[in-house]
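Beneath this line is the structure, given in structure tokens, with notes to follow.
Bear in mind that the values in this text are calculations on the coordinates, not laboratory data. Since this is a predicted model, take the numbers as computed values, not measurements. Because the Cβ atoms are built from the backbone with ideal geometry, glycine has one as well, and the counts that use them run over all protein chains shown.
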Amino acid sequence: MSHPTSNDICALHDVPDGGGVEAAPSILVLRRGGEAWAYRNVCPHFSIPLNYEPDAFWTYEGSLLMCAHHSAMFRFEDGVCVDGPCLGASLRRIPIRIENGRVVIEGPDIT
Ligand code: FES
């Protein structure tokens, strides 16, 4: 039996399907079905959070995340900006795995 570690940041079902949440301080988790991706919640345009209300991330068709400030659009699967003022820039990826329905950050303990 596995025990939650500090790298265990949320349950997959805590993340709305096709949406995102801030699962840990400054860590955004996006989900589509059984897949999830994590990024630093920092827009590469102005280095500020992508949302301006807690956990209010704007997404489009479960595939694009829109920055709340100047509408840059980022792909869920690689964090690349495909439209907007920072076209071609990327969100900073945090490697994760799904384990027993939980989203777990890969690598050394983050605390
Ligand atoms: S701060 Fe995100 S698009 Fe400008």
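About the Cα centre of the chain, how large is the charge dipole given +1 on each Lys and Arg Cβ and -1 on each Asp and Glu Cβ? Please answer in debye to the nearest 20.
Magnitude of the dipole: close to 220 debye.
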So what J values fall out for the stretch 32-48 if you push phi through Karplus, 6.51 cos²θ - 1.76 cosθ + 1.60 with θ = phi - 60°, rounded to Hz, Gly and Pro as x?
9, x, x, 9, 8, 9, 10, 9, 5, 7, 9, 6, x, 6, 10, 6, 10
Using only Cα atoms, what is the ratio of the radius of gyration of the chain to 2.2 N^0.38 Å?
1.02
Pull up all non-local amide H partners of Ala11: gap of 5 or more, or a different chain, and H-to-H distance under 5 Å with H placed in the peptide plane.
Val103
Can you give the relative contact order of the chain as a percent, counting alpha carbon pairs under 8 Å and 6+ residues apart?
27
